[in-house]
Amino acid sequence: MSVTINVNLDHTNYPIYIGNALIENTAEILSASLSNRKVFIISDTNVSNLYLHKLENSLKKHNIVYKSIVIDAGEKTKSFQSANRICNWLLENNIERSSMLIGLGGGVIGDLTGFVASITLRGIDFIQIPTTLLSQVDSSVGGKTGINTPQGKNLIGTFFQPKAVISDSNTIETLPKRQVLAGYSEICKYGLINNFEFWCWLEKNGHLVIQGDSKYLNQAVKTSCISKAEIVKKDEKESGERALLNLGHTFAHALENELNYSDELLHGEAVSIGIILAFTLSNNLGYCSTNDVKRIANHFKKVNLRMPSSISKNMKIDNIIDNMSKDKKVKNNKITFVLVRGIGKAFLTQDVELGKLRESLESINKTF
Ligand SMILES: NC(=O)c1ccc[n+]([C@@H]2O[C@H](COP(=O)([O-])OP(=O)(O)OC[C@H]3O[C@@H](n4cnc5c(N)ncnc54)[C@H](O)[C@@H]3O)[C@@H](O)[C@H]2O)c1
């Protein structure tokens with residue numbers, strides 16, 4: 001059984017299908033979008049071993065012509081080199097304006113496929129089949145595509161919406177626990193931004209989501225996608241409200257950058273630490289209560305999300321602040337922060353003194 005959520009934007013709309021055993025039924029689910037089109041599948045070495053045959057079998061059953069390319073797994077793959085390789089492969093295989101790209105994998109494959117789709121022949125339709133929890137609740141929805149450069153993450157990219165998203169919760173069964181927890185941080189983010197009720201639900205049921213209980217997993221993915229779709233609908237190109245989705249992310253990107261985007265800290269792990277830092281800063285500035293900070297930290301610890309103490313000893317605060325000043329969201333030399341007036345009450349501000357930021361970063365070592 002699956003549920004469908006619609007992402008309705010001014011210029012387009014698309015469905016997100018959420019449920020079990022969907023990959024093997026891709027051709028049935030998308031029959032209208034795939035008929036009479038050449039399909040190009042992009043996947044990575046890990047995901048292709050597990051799921052590519054299911055997708056290919058489904059296309060074969062419906063006589064859909066396809067080709068597949070498998071690229072290295074990992075963040076380093078989100079590069080100009082990979083985009084170049086895929087573009088060449090598409091052109092050599094006579095891609096047409098009517099062709100369809102499918103990204104089968106986590107956020108790396110989704111961001112890269114979307115980017116390539118947006119620039120090849122000035123735009124080819126594409127479908128996201130996200131296979132990590134993080135990509136199911138976040139990166140596959142909303143149309144941000146991108147690649148990394150030596151200057152930073154996601155600095156080159158486009159806004160390009162997929163034609164559909166197929167979120168098959170069975171894929172989470174093979175996902176390493178560390179990756180599941182990284183995705184769970186992004187799920188928590190939605191409750192903390194503007195949905196107190198969802199946060200309370202997560203406090204009660206989060207462990208079942210993490211264990212992969214499909215009823216709770218599908219519910220969490222659905223609520224997260226609805227939350228993201230609502231925010232994206234109001235501000236697709238991030239001129240305002242969409243930036244709320246970056247709760248914890250200004251800190252997270254600075255930490256990831258300091259660690260050279262290594263496996264020592266996954267993006268979602270940096271996000272849970274960043275959320276704690278954002279709440280601590282909000283508390284130090286008098287916006288939210290100490291109880292709120294404790295409540296979040298308690299839940300994060302209970303479900304084993306990464307906490308600041310797991311990294312901060314090796315980090316130089318000056319470097320973190322310096323990295324934050326280089327964030328894409330810096331405007332007029334001022335860092336944009338997503339802070340909170342409580343759980344579910346996030347807001348944007350550029351009004352944070354560097355001294356207060358430093359104090360909050362220093363206090364973290366002692367508290368968490
Ligand atoms: N576009 C957006 O709006 C947006 C939002 C958030 C994050 N992102 C991007 O997403 C990326 C991170 O995505 P991610 O966390 O999914 O990382 P990822 O794509 O690197 O996947 C993590 C690892 O899990 C493996 N994997 C994927 N699915 C699996 C499965 N079902 N079973 C076993 N292994 C599996 C992958 O091969 C990889 O090794 C970052 O590049 C980040 O910038 C983009």
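The values are calculated or read from the model by the stated rules, or taken from the named source; none is laboratory data. For clarity, every value in this text was computed on a predicted model and none was experimentally measured. Because the Cβ atoms are built from the backbone with ideal geometry, glycine has one as well, and the counts that use them run over all protein chains shown. Side chains included, ligands, DNA and RNA excluded: accessible areas come from the protein's heavy atoms. Shrake-Rupley method; radii C 1.70, N 1.55, O 1.52, S 1.80 Å.
For residue 135, the conditions (1) open to solvent by 10 Å² or more (accessible area, probe 1.4 Å); (2) within 15 Å of the ligand (Cβ to nearest atom); (3) in contact with a Gly (Cβ under 9 Å, 6 or more places away or on another chain) are fulfilled apart from (1). Here is the figure for the stretch 255-289: residues that are away from the ligand (no atom under 14 Å from the Cβ), closer than 21 Å to residue 326 by Cβ and among the small types (Gly, Ala, Ser) total 1.
I'd like the full set of residues that are out of contact with any Leu (no Cβ under 8 Å at 6 or more places or on another chain) and more than 7 Å from the ligand (Cβ to nearest atom), limited to the stretch 102-113. Listed by number, the list holds a single entry, 112.
The set of residues from the stretch 196-237 being outside any helix (DSSP H, G or I) and more than 18 Å from the chain's Cα centre (by Cα) comprises 212, 213. Checked against (1) modelled with pLDDT under 85; (2) in contact with a helix residue (DSSP H, G or I) (Cβ under 9 Å, 6 or more places away or on another chain); (3) more than 25 Å from residue 78 (Cβ to Cβ), residue 287 passes all but condition (1). Residue check, residue 329 against (1) basic (Lys, Arg); (2) open to solvent by less than 40 Å² (accessible area, probe 1.4 Å); (3) modelled with pLDDT of 90 or more, all met but one. Which one? Only one criterion in (1) basic (Lys, Arg); (2) open to solvent by less than 40 Å² (accessible area, probe 1.4 Å); (3) modelled with pLDDT of 90 or more is unmet by residue 329, namely (3).
Results for (1) touching a residue at least 12 places away in the same chain (Cβ under 8 Å); (2) under 30 Å from residue 366 (Cα atoms); (3) not assigned by TED's automatic domain parsing to the domain that holds residue 170, shown as yes or no for each residue.
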| residue | (1), (2), (3) |
| --- | --- |
| 229 | yes, no, yes |
| 232 | yes, no, yes |
| 239 | no, no, yes |
| 244 | yes, yes, yes |
| 247 | yes, yes, yes |
| 258 | yes, yes, yes |
| 278 | yes, yes, yes |
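Here residue 240 meets each of (1) within 23 Å of residue 142 (Cα to Cα); (2) within 12 Å of the ligand (Cβ to nearest atom); (3) at pLDDT below 95 with one exception, condition (2).
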